[in-house]
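Here the structure is laid out as C-alpha cells; the discussion comes afterwards.
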Amino acid sequence: MPLVVTRTVKPPALRWPLVLILSLVTLGLFEDAWLLWQSRWAKKVDPQSRATIFAAGGLLLFVIGFVFTELSDLKSVAGWVEIGGLVLSQIGNFSVKGTIEKHYNVSLSGMMTIFFTSIYLQYHFDRIAKKGYRS
C-alpha cells in the first residue's frame, strides 16, 4: 500500500483590515489582486478548483471594459463587458468560499461573500489561523 503524504497549505496570511485599507486606497484593484492570491491557495488545497481561472477572467474583463470606455466606438459595450467581469469575479469568490468550507468544515455567508468578496474571505482566513484549524 503506497504511503500518502499530505502537506499543510497555509492560508493567505495578510490581516483583513490591511486588505480593506489597501483595497480602498487602490480603488478596489488590490482586492481583485488579493482574490487571485486567495484563488491560488484554493488551487493548492483543491486541484480541481477553477477559482483562479474565474478570478483572472473577471479581472481581464474589467481591464477590457475600462479600455472600451476610452474608445468612442466601444463605449456602448464597455458596461456589458464589465458586468461579465463582475460575474466571473463572483464565481471565483464563491469557488474560494466553497474550498474554505470544504477544507475547514465551516459555513460562510453567501451574502457577505457577494458584498465584501475577498475581504470577507480574508477575515475568515484570519479567524481560522487564530483558531489553529488543521487541514
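Structural remarks
- Entry remark, segment 94-107: residues being part of a loop (DSSP other than H, G, I, E, B) and either out of contact with any His (no Cβ under 8 Å at 6 or more places or on another chain) or at positive phi (or both) number 2 in total.
- Leu24, sole failed condition from (1) under 15 Å from the mean Cα position of the chain (by Cα); (2) modelled with pLDDT of 95 or more; (3) in a helix (DSSP H, G or I): (1)
- Restricting segment 80-112 to residues that are among the hydroxyl-bearing types (Ser, Thr, Tyr) and surrounded by 16 or more Cβ atoms within 10 Å (Cβ to Cβ), the residue that is farthest from Phe68 (Cα to Cα): Tyr104
- Test: Gly79 is assigned to a helix (DSSP H, G or I), over 18 Å from Val19 (Cα atoms) and at pLDDT below 95: yes
- Hey, Ala42 modelled with pLDDT of 95 or more and either within 23 Å of Lys130 (Cβ to Cβ) or not aliphatic (A, V, I, L, M) (or both) or not: yes
- Considering segment 108-135, the residues that are in a loop (DSSP other than H, G, I, E, B) and modelled with pLDDT of 95 or more include one that is nearest to Pro47 (Cα to Cα), namely Leu108.
The values are calculated or read from the model by the stated rules, or taken from the named source; none is laboratory data. Predicted model, so just to flag it, every value in this text is computed and none were measured. Glycine gets a Cβ as well: all are built from the backbone with ideal geometry, and neighbour counts include every protein chain shown.
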